[in-house]
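Asker: Got a structure for you, questions after.
The values are calculated or read from the model by the stated rules, or taken from the named source; none is laboratory data. Given the structure is predicted, the values throughout are model-derived calculations rather than measurements. No Cβ is skipped: glycine too gets one built from the backbone with ideal geometry, and neighbour counts run over all protein chains shown. SASA here: full protein model, heavy atoms, side chains in, ligands and nucleic acids out. Shrake-Rupley method; radii C 1.70, N 1.55, O 1.52, S 1.80 Å.
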Amino acid sequence: MQPAIEVEGVEKRFGQFVALAGVSLQVQQGEFFALLGPNGAGKTTLISALAGLTRANAGSLKVMGFDVSSQYRDARKALGIVPQEIVFDPFFSVRETLRFQAGYFGIARGAALDSWIDELLAKLSLGDKADSNMRQLSGGMKRRVLVAQALVHRPPVIVLDEPTAGVDVELRQTLWSFVRELNAKGHTILLTTHYLEEAQQLCTRIAMMKQGRIVAMDTTEHLLNAFSERVLRVKIDGELPAELQQACAKQEGAWHFFPIHDYDEVETRLSQLRQSGVHIVNLEVAEPDLEEVFVKLMHK
Amino acid sequence: MTMTGFQTLLRKEILRFWKVAFQTVAAPVLTALLYMMIFSHVMSGSGAAFSGVTYEQFLIPGLAMMSMLQNAFANTSSSLIQSKITGNILFILLPPLSHWDYYGAYLVAAVIRAIAVGLGVFLVGIFVAHIPVHNIAVIIAFAVLGSGMLAALGIIAGLWADKFDQLAAFQNFLIMPLTFLSGVFYSIHSLPPFWQGLSHLNPFFYMIDGFRYGFFGKSDVSLALSLSITAASFFCLSAATLYLLKSGYKLRQ
C-alpha cells in the first residue's frame with residue numbers, strides 16, 4: 001500500500017542554520033504517528049515542508065504518493081493541517097470560515113457541505129457557535145475551529161502540530177476522542193506534541209528528532225522496551241540493607257527504585273525486603289515511560 | 001486555475017471589504033466630496049482646463065479616478081498585510097490554489113471596490129455639476145485597467161511589506177504623490193514646461209487623462225498614448241505580481 005507520508009533525505013537551511021539535515025521517514029496509511037523532539041528540533045519545519053509552506057533545499061516529500069512540489073494540488077488536497085498557532089480571520093463567522101476553507105479546496109457550497117460542517121461542529125462541541133464571529137470565541141473554541149478547518153475537505157492525512165498546547169482538559173478529551181475516531185475510520189494521523197504521555201497513549205509509532213535529524217524511530221512499544229523499564233518503587237523506613245544496595249537503581253529520599261522485567265519480580269523483591277527486616281511504608285509499580293525514553297535519547 | 005477555489009477567494013475578498021463598507025467605500029466617497037467642495041469653491045472661476053468644460057466638471061472625473069486608484073491599492077495591500085501579520089494567510093497557502101487564483105481573486109475584488117468607490121464619487125458629483133459621458137467604453141477601460149494596475153501594485157506592496165509602517169511608507173511616499181501630481185486638480189498645460197515634462201513620466205497622469213477623455217472627449221495627450229501606457233503599466237505590473245506569487249516571495253520560505 002502507498003505510504004501516506006514519504007520523506008526522503010530532506011534538507012532545509014535558513015542561512016547558516018540547518019533546520020533539517022537529511023530527514024527520511026515513512027508513515028503508513030492508517031497509522032497514528034508521533035513526531036517528537038525539543039523546541040527547534042525541526043518538527044514544524046518538516047510539517048511546513050510537507051504543507052508546501054517551506055521549500056526543501058534537497059530531498060523529496062510525498063503525501064499519498066503525490067510530490068508536494070510537482071503535484072502540489074493533489075498533495076495539498078490529501079493533507080489537513082492543524083497549525084500550532086491560533087490564527088483566525090476576524091471578518092467572518094465560524095460557518096463562513098469553514099465554507100471558505102472548503103471552497104479553497106474545490107468543494108462547492110451547498111446542502112452537502114453545510115451538512116458536513118454541522119456534523120464537524122457538533123463533533124467538536126461548537127454546534128451553537130456556527131454563526132458566531134470568530135472574535136467572539138474563546139481560545140479553546142478557536143483551536144477547535146482550526147481542527148474543523150483542517151478536516152473540512154475530508155483529507156486522508158491529518159497533521160496536528162501541538163494541538164493541545166495550553167488547552168484545558170475538557171478540550172483535550174474532546175479532541176483526542178474525535179481524532180481517535182478519525183484514525184479508526186482510516187485517517188492517517190501525524191502528531192507533534194510536548195505532552196509525551198499523550199503520544200504514548202495515542203501513537204503506535206514514534207520518531208524522535210534532535211537538531212534536524214531523526215535520532216530514533218520505532219513502534220511505541222519497542223522504544224519503551226529499549227530505552228525505559230518498569231520500576232518497583234518502594235518507600236522504606238530506615239536504611240536499605242547492604243545486600244540489596246546493588247539491586248537498587250536509584251534512590252530519592254526514602255524512595256528506592258528497583259527495575260523489574262515482569263510482575264512476578266515484584267513478589268520476589270518484596271520478599272527479599274521483608275526477609276532483610278525492611279519496613280515498607282509505601283510502594284508502587286511505575287510502567288515504562290516515554291518521558292524517560294525522550295530524556296535518554298535527547299542526552300545521548 | 002481552479003474555478004471553485006478562485007471563486008471562493010474572490011467571494012472572501014469581496015466580503016472582506018463589503019463587511020466594512022462604511023470604511024472602505026463610504027469614507028473615500030466622503031473624502032472625495034470634501035475635495036470637490038473645497039477645490040470647486042477655491043478654484044471656481046479660475047478658468048476652464050478645456051474649452052466648454054467648467055472647473056467642477058473637470059475635477060469630478062479626476063477625483064473619481066484618483067479615489068479608485070487609491071482604493072484599489074488599499075484593498076489588495078491591506079488584505080495581504082493583515083493576513084500576513086495575523087497569520088491567517090495560512091488558510092490560503094495550505095489549499096491547492098495557484099498563483100493565478102491568488103492574482104485573479106485579489107485583483108478582481110480590488111477592482112470591484114474601486115468601481116464601487118468611483119460610482120459613489122460620480123453619484124455625489126452629479127449633484128455638484130453636470131457630467132457628460134462622451135464614450136462609456138473608454139471610461140470602463142481606464143477604470144478597469146487603472147484599478148487593476150494599482151491592485152497589482154498593492155499585491156506587490158502587500159507581499160513586500162513586513163510591517164504596517166512599511167506599507168504606509170509605500171502609500172504615502174509613492175502612491176499619494178503620484179496620484180496628487182497626476183493632473184487630478186489641474187490640467188498639466190497650466191504647469192511650467194519642466195513640470196509638464198515630469199508629469200509625462202507619471203503613469204497615473206495617463207490614467208486620469210484617458211479616463212477624463214471618456215467624459216469630455218478632450219484630453220491633454222492623445223487617447224491612444226494614454227491607453228497604451230495604462231495598458232502597458234497594467235500588464236507589466238501584473239507580470240511582476242504573477243512572478244512574485246509563483247515564486248512564493250515572502251509567502252513560502
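Asker: Within the range B:74-90, restricting attention to residues that are β-branched (Val, Ile, Thr) and touching a Leu at 6+ places or on another chain (Cβ under 9 Å), which residue is most open to solvent (accessible area, probe 1.4 Å)?
Answerer: So, considering only residues that are β-branched (Val, Ile, Thr) and touching a Leu at 6+ places or on another chain (Cβ under 9 Å), the one most open to solvent (accessible area, probe 1.4 Å) is B:ILE89.
Asker: I'd like to know if the range B:146-156 contains one or more residues that are of a type outside the set (D, E, K, R), modelled with pLDDT of 90 or more and under 30 Å from A:VAL63 (Cβ atoms).
Answerer: Yes, the range B:146-156 has at least one match.
Asker: Going by the structure shown, is B:LYS12 surrounded by fewer than 19 Cβ atoms within 10 Å (Cβ to Cβ) and within 30 Å of A:HIS153 (Cα to Cα)?
Answerer: Answer is no for this residue.
Asker: While we're here: Pick out the one residue from A:GLN149, A:GLN136 that is within 21 Å of A:ALA165 (Cα to Cα) and in contact with a Ser or Thr (Cβ under 8 Å, 6 or more places away or on another chain).
Answerer: A:GLN149
Asker: Determine, yes or no, whether A:LEU175 is open to solvent by less than 40 Å² (accessible area, probe 1.4 Å) and modelled with pLDDT of 90 or more.
Answerer: No, not satisfied.
Asker: Pairs needed: first member in the range B:228-253, within 14 Å of chain A (Cβ to nearest Cβ); second member anywhere, assigned to a helix (DSSP H, G or I) and among the charged types (D, E, K, R); C-beta distance under 9 Å; at least 6 residues apart or different chains.
Answerer: Sorted first by the residue in the range B:228-253, then by its partner, the pairs are B:LYS250/B:LYS84; B:LEU251/B:LYS84.
Asker: Every residue in the range B:91-127 that is crowded, with 23+ Cβ neighbours inside 10 Å and among the polar types (S, T, N, Q), please.
Answerer: Selection gives nothing.
Asker: Okay, next question. Checking B:HIS189 against (1) surrounded by 18 or more Cβ atoms within 10 Å (Cβ to Cβ); (2) in contact (Cβ under 8 Å) with a residue 24 or more places away in the chain; (3) not in a loop (DSSP other than H, G, I, E, B), only one condition comes out false. Which one?
Answerer: (1)
Asker: Which residues, counting only those in the range A:5-51, are basic (Lys, Arg) and in contact with a helix residue (DSSP H, G or I) (Cβ under 9 Å, 6 or more places away or on another chain)?
Answerer: A:LYS12
Asker: Among the candidates B:SER222, B:SER182, single out the residue that is over 14 Å from B:ALA143 (Cβ atoms), open to solvent by 10 Å² or more (accessible area, probe 1.4 Å) and of a type in the set (S, T, N, Q).
Answerer: B:SER222
Asker: Also: Does at least one position in the range B:235-248 carry a residue that is in contact with a Ser or Thr (Cβ under 8 Å, 6 or more places away or on another chain) and surrounded by 18 or more Cβ atoms within 10 Å (Cβ to Cβ)?
Answerer: no
Asker: Considering the range A:141-172 alone, what residues qualify as being of a type in the set (Gly, Ala, Ser) and surrounded by 18 or more Cβ atoms within 10 Å (Cβ to Cβ)?
Answerer: Across the range A:141-172, the qualifying residues are A:ALA148, A:ALA150.
Asker: From A:GLU229, A:GLU284, which residue is within 30 Å of A:VAL167 (Cβ to Cβ), open to solvent by 30 Å² or more (accessible area, probe 1.4 Å) and acidic (Asp, Glu)?
Answerer: A:GLU284
Asker: Just give me the residues in the range B:192-212 being open to solvent by 50 Å² or more (accessible area, probe 1.4 Å) and either within 16 Å of the chain's Cα centre (by Cα) or of a type in the set (Ser, Thr, Tyr) (or both), in sequence order.
Answerer: none
Asker: Among the helices (runs of 4 or more DSSP H) contained in the range B:1-96, which hold 2 or more residues that are within 12 Å of chain A (Cβ to nearest Cβ)?
Answerer: Fully inside the range B:1-96 and qualifying: B:3-18, B:55-86, B:90-93.
Asker: Kindly provide the set of residues from the range A:151-190 that are on the phi > 0 side of the Ramachandran plot and away from chain B (no Cβ under 14 Å), ordered by number.
Answerer: Passing the criteria: A:GLU162, A:GLY166, A:GLY186.
Asker: Would you say A:LEU160 is touching a residue at least 24 places away in the same chain (Cβ under 8 Å) and assigned to a helix (DSSP H, G or I)?
Answerer: The answer is no for A:LEU160.
Asker: What single numbered condition from (1) within 12 Å of another protein chain (Cβ to nearest Cβ); (2) in a loop (DSSP other than H, G, I, E, B) fails to hold for A:GLN2?
Answerer: (1)
Asker: Going by the conditions given, is A:ALA19 farther than 22 Å from A:LEU202 by Cβ and in contact (Cβ under 8 Å) with a residue 12 or more places away in the chain?
Answerer: Yes: the conditions hold for A:ALA19.
Asker: I'd like to know if the range B:128-135 contains one or more residues that are surrounded by fewer than 24 Cβ atoms within 10 Å (Cβ to Cβ), among the hydrophobic types (A, V, I, L, M, F, W, C) and within 19 Å of B:LEU10 (Cβ to Cβ).
Answerer: There is no residue in the range B:128-135 that is surrounded by fewer than 24 Cβ atoms within 10 Å (Cβ to Cβ), among the hydrophobic types (A, V, I, L, M, F, W, C) and within 19 Å of B:LEU10 (Cβ to Cβ).
Asker: Does A:LEU270 satisfy being assigned to a helix (DSSP H, G or I), farther than 30 Å from A:LYS77 by Cα and among the hydrophobic types (A, V, I, L, M, F, W, C)?
Answerer: yes
Asker: Out of everything in the range A:74-119 that is touching an Asp or Glu at 6+ places or on another chain (Cβ under 9 Å) and among the basic types (Lys, Arg), what residue ends up being farthest from B:ILE92 (Cα to Cα)?
Answerer: Out of the qualifying residues, it is A:ARG95.
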